[in-house]
Every structure is written in structure tokens, then in C-alpha cells.
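Asks: Handing you a structure now.
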Amino acid sequence: MEAIILLGGPGAGKGTVSEFLKKQTDFVHVSTGDMLRAALQSGTPVGLEAKAFMDAGALVPDAIILRIIEERISREAASARYMFDGFPRTIDQAKGLDLLFKKKSGSLKHVFNLIVPREILLRRLTGRRVCKSCGAVYHLINIPPKKEGVCDVDGGELYQRADDSEDTILNRLEVYDKQTAPLIDFYRQQGLLRDIDAGGAAAVTDARILEVLNA
Ligand code: AP5
């Protein structure tokens, strides 16, 4: 087991970079946000438990997250390589991941810290639209679909995520500062942090990450 982490505030582009890396590499994409939304949609106990936290822009308890991560990893071959998107999000989750690496003789290669100014994060999140059927992500201005409201990939209907309202976005940014940003120093001290200027075009961010992976 080998892994990289995509770390960054809400709207930093973790999901967008993941879509690019899925095409370019053999990393298995593991997004705790996507997993929780899927659980919510199918009404599983995890989804029902997570709903109130997600609606408020708060973090879902660490124990639930670590459980779904361990279960997800158990479904892949021991040699699989992972890109974690939106996980870990607290120091305790990072310590849980370390334990998992020990158990599976795995290692963490890079932690990409996607750096984006706050006003750009706000613009990205308020303009985001997602396909109801395949999950493809667009932006009304930056990455628009060819036909308004319709997914280019499968013709699905585009919607706005419930937690992309302005009030919830502000709370998510605050939660990021308090609970997730401490991971920057945590991983910097371990020599694993790679700072990436991710405030420009998606293709530029993708190229910067690929350069590190190929070095
Ligand atoms: P999650 O789904 O992980 O949300 P997030 O971290 O807030 O991140 P986002 O998905 O909002 O943004 P992103 O960085 O993926 O940006 P994207 O590529 O879409 O988590 C949701 C909730 O689940 C949390 O609030 C929490 O409750 C819970 N949760 C999840 N994981 C958890 C965990 N580990 N522990 C506890 N709770 C957890 O891009 C955003 C927009 O910008 C898009 O419209 C895109 O098209 C556009 N865009 C992207 N890149 C660019 C670019 N370079 N230039 C122009 N536009 C761009």
C-alpha cells in the first residue's frame, strides 16, 4: 500500500485534480466527501449519521471516517496505490492513517498542499455545479458545461451541492482553519509536504502535481 494526500480548503480543487490524476496514474481515488454523499443518498446508517454534520459544514466524527476508510481499503489489492481526497482532515485522522500504514506495511509518499486565496475559494464554491448521475464537477464560469445545466459526459442534470450555500461555505472555511490546517505543519515536519500554488488554471495545477509525482 502506497498513498498520496490531496490537502486543501473547501474548493481548493482536490476533486478536480483527482479526476485528472485518475486518467494519468493508477492511483485509486478515495474521497471521503464522495463516500459520505453516496451513503447519504442510499440512506445507510453512516449516511444518516453524517447528514447533520455535513449540512452544517462541520466535520463528521473521526471514528466514522476511519471506519469507512479501513473498509474501503480492504476492498483493494494489498499493492494498491491511493490518492486520498479530503482525508485526513484532523490530526487524529492522520494518526489513524499512520496506524493503517503500519498494519498494511504501507507508506505515504507526498502530501500536496493546494494553496488558493480565500476569495478564489468562495468564487469557486458558489459557482460549482455537479452532475446528479455521474458526479462530474463544473463551474458556471471557469469550467462551464457545453449546454447550461446538462453534463457533457452523460447528459445528467447539474445541481448545486447543499453545503455550497454562502453561510455553510463560511463555516466550512472556519472548520478548515481550526481543524484541518494544523495538518500542514504535521506533514511538513515529516518532510512529506509539497506546497502547490493552486489558484490558477486547473491545467497548471495538474502539471505541477504531475511534475512532483514524476520526479
Ligand atoms: P468534501 O466533499 O471533501 O468537501 P471539501 O473539502 O469542502 O471540498 P470540496 O469538494 O468542496 O472542494 P474540492 O477541493 O474538491 O474542489 P473542486 O475540485 O470540487 O466534504 C464535504 C463534507 O463531508 C465536509 O464538510 C464534512 O462534513 C464531510 N467530510 C468529508 N471528508 C471528511 C473527513 N475526512 N472528516 C470529517 N468529515 C468529512 O472545485 C471546486 C470548484 O472550483 C468546482 O466548481 C471546480 O470546477 C472549480 N475549480 C477547481 N479547480 C479550478 C481551477 N484550477 N480553476 C478554476 N476553477 C476550478
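Asks: Taking the Cα centre of segment 133-201 as the origin, how large is its charge dipole in debye, to the nearest 20, when only Lys and Arg (+1) and Asp and Glu (-1) carry charge on their Cβ atoms?
Replies: 240 debye
Asks: Which one of LEU140, SER74, LEU158 has its Cα pushed farthest toward the positive end of the charge dipole of segment 32-169, where Lys and Arg give +1 and Asp and Glu give -1 at the Cβ?
Replies: SER74
Asks: Give me the dipole magnitude in Debye, nearest 20, for segment 163-215 about the Cα centre, with unit charges on the beta carbon: positive for Lys and Arg, negative for Asp and Glu.
Replies: Numbers: 5 positive and 11 negative charges, 72 e Å.
Result for segment 163-215 is approximately 340 debye, rounded to the nearest 20.
Asks: Taking every DSSP beta bridge that has both residues in the chain, what percent is antiparallel when rounded to the nearest 5?
Replies: On the way: 8 of 28 bridges.
Taking every DSSP beta bridge within the chain, about 30 percent pair in antiparallel fashion.
Asks: Wrap a convex hull around the Cα atoms of the chain, take a quarter of its surface area, and give that in square nanometres.
Replies: Numbers: hull surface 45.8 nm².
One quarter of the hull surface, i.e. the mean projection, equals 11.5 nm².
Asks: Subtracting the Cα-Cα distance from 0.36 nm times the residue separation, let me have the gained length for GLU174 to SER107 in nm, one decimal.
Replies: Computed gain between GLU174 and SER107 is 21.1 nm.
Asks: Ignoring everything but the protein chains, give the 1.4 Å probe accessible area of LEU170 in square angstrom, nearest 10.
Replies: Accessible surface of LEU170 is approximately 90 Å².
Asks: Now for a different question. Could you order ILE65, ILE120 by accessible surface area, starting with the largest, using a probe radius of 1.4 Å?
Replies: ILE120, ILE65
Asks: Hey, can you find the accessible area per residue of segment 1-103 for me, probe 1.4 Å, expressed in square angstrom?
Replies: Ligands and nucleic acids excluded, the result is 45 Å² per residue.
Asks: Above 19 angstrom, tally the Cα pairs of segment 86-191 and express them as a % of all pairs, no decimals.
Replies: On the way: 3231 of 5565 pairs.
In whole percent, the share of Cα-Cα pairs in segment 86-191 beyond 19 Å is 58.
Asks: So, one more: Would you count, across the chain, every pair of lysines whose alpha carbons are under 15 angstrom apart, provided the pair is eight or more residues apart or spans two chains?
Replies: 4
Asks: Report in % the part of the accessible area of segment 109-215 that belongs to carbon and sulfur, leaving out ligands and nucleic acids; probe 1.4 Å.
Replies: Reported share for carbon and sulfur atoms: 52 percent.
Asks: How much mean residue ellipticity at 222 nm does the chain get from its helices, if each DSSP H run of length 4 or more adds -39500 (n - 2.57) and you divide by all residues, to the nearest 500 deg cm²/dmol?
Replies: Calculated from helices alone, the mean residue ellipticity at 222 nm is -14000 deg cm²/dmol.
Asks: Given 5 Å bins starting at zero, what is the percent of C-alpha pairs of segment 148-212 in each, up to the one with the largest pair distance?
Replies: 3, 13, 11, 12, 21, 20, 12, 6, 3, 0
Asks: OK, next. Mind grabbing the accessible area of SER79 for me, 1.4 Å probe, Å², rounded to tens?
Replies: 100 Å²
The values are calculated or read from the model by the stated rules, or taken from the named source; none is laboratory data. Not measured: the values here are computed from a predicted model. Every residue, glycine as well, gets a Cβ built from its backbone with ideal geometry; the counts of neighbours run over all protein chains shown. What goes into the accessible areas is simple: the full protein's heavy atoms, side chains included, and nothing from ligands, DNA or RNA. Shrake-Rupley method; radii C 1.70, N 1.55, O 1.52, S 1.80 Å.
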